[in-house]
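A short worksheet on the structure shown next.
Nothing in this text is a laboratory measurement; each read-out follows from the coordinates by a stated rule. In this text, all values refer to a predicted model and were calculated from it rather than measured experimentally. As a convention, Cβ positions derive from the backbone with ideal geometry for all residues, glycine included, and neighbour counts pool all protein chains shown.
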Amino acid sequence: MKTNHSAVDTPLPFLALANHAALPPGRRFGPWRVRSRMLLWCRGGRGTVTVDGAEHEMRPGHYLILPWDHTIRYCAGKGAVWRLGGAHVIPHLSRTAPAVFEVSHVRPDAPPLLPGRADAPCPGLEGVRGGSFARARALESLAEYAVAWFVRGPEAAGARTLGGLLLAEMGRAAAEAGESAQGLPGALRRMTVEVERRLLGPLRVADLARAGRCSPATVTRLFRRWFGRAPLRWILERRLDRAAELLAETDLTIAEVGRRVGVPDPFYFSRLFRRLRGVTASAHRQRARML
């Protein structure tokens, strides 16, 4: 019987793992050597990842696309649980290799543990790529779907379909971003640091302009380009992101949570939370504590 070598050698992407993780404040994990093309995104809190020796800061809504056979170390920030999502795509799983739904995390000098897995050319995904989900909504939706699909129970055919879709969407997002893992522009980075520092108090566009050492018009342009939001709307959403974390992770009253994020009127905070998050603060707390 004649073997069809072209069919055998065709790269077959495979989604080997997709999950959410919560890292306690101040904890460090790794370094690990990981043989996958990984999509890593921040869902809450903040921290840094060091990929192949280069450090990258991650805040809510940011993502990184990591290359095949990367080495990674995680360092969670202080003050809140660092919530992450991850999806590991194997660009080529041999047709004879078993569909194993896991990814080896080994010492940097250790050999690979799972045979039949290999990289494949992925144009536009050379090195580490990064961006904001505000400019890549399809990638965010697909990534979160992949996690939900894994929770339901993965199977080989679906893993191949999702692996191919994720690789394609990562390439599209990287091309549209037009940016490598240099991350946010310096001015915008300084402004986001100022927002985190002053979540408790009032903030105006003029305050951000001073922090970013730029004009108010540049503030608005940068926020709309990178986050898809006006500056004050982004600040409000960041306050409610922090409120959602406090509701889930502490026993503070709803009024106390509002004060912690700079909204001292408990009635206004409750209305605001429900309007922007689509659920009451008390319902969010109850859902977050259900296993």
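Laid out as a table, the results:
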item	result
Charge tally in the Cβ shell below 11 Å around V257, where Lys, Arg are +1 and Asp, Glu are -1, V257 excluded	+1
Simple label model, 7 Å out from Cα along Cβ direction - A156 to R210, nm	6.4
The stretch 239-280 - charge dipole about Cα centre, Lys and Arg +1 at Cβ, Asp and Glu -1, debye rounded to 20	260
Alpha-carbon centroid distance for the pair the stretch 86-101 / the stretch 122-175, whole angstrom	14
Which of A168, A118, A97, positive extreme of dipole for the chain (C-beta unit charges)	A168
The chain: relative contact order in percent, alpha carbon pairs under 8 Å with at least 6 residues between	17
Estimated distance in nm for a label pair at A148 and R275, the labels positioned 7 Å out from Cα along Cα-to-Cβ	2.7
Electrostatic dipole magnitude of the stretch 186-288 [Cβ: Lys, Arg +1; Asp, Glu -1; Cα centre; debye, to 20]	520
Of S215, A243, S282, farthest towards positive along the dipole that unit charges on Lys, Arg, Asp, Glu beta carbons give the stretch 193-285	S215
Cβ-based net charge around T280, under 10 Å, with every Lys or Arg adding one and every Asp or Glu removing one	+4
The chain, dipole about Cα centre (Lys/Arg Cβ +1, Asp/Glu Cβ -1), debye to the nearest 20	1040
Additional length obtainable on full extension of the chain from L232 to T250, 0.36 nm per residue less Cα span	3.8 nm
Acute angle (nearest 10 degrees) that the helix 156-177 long axis makes with the longest principal axis of the chain, alpha-carbon atoms	60
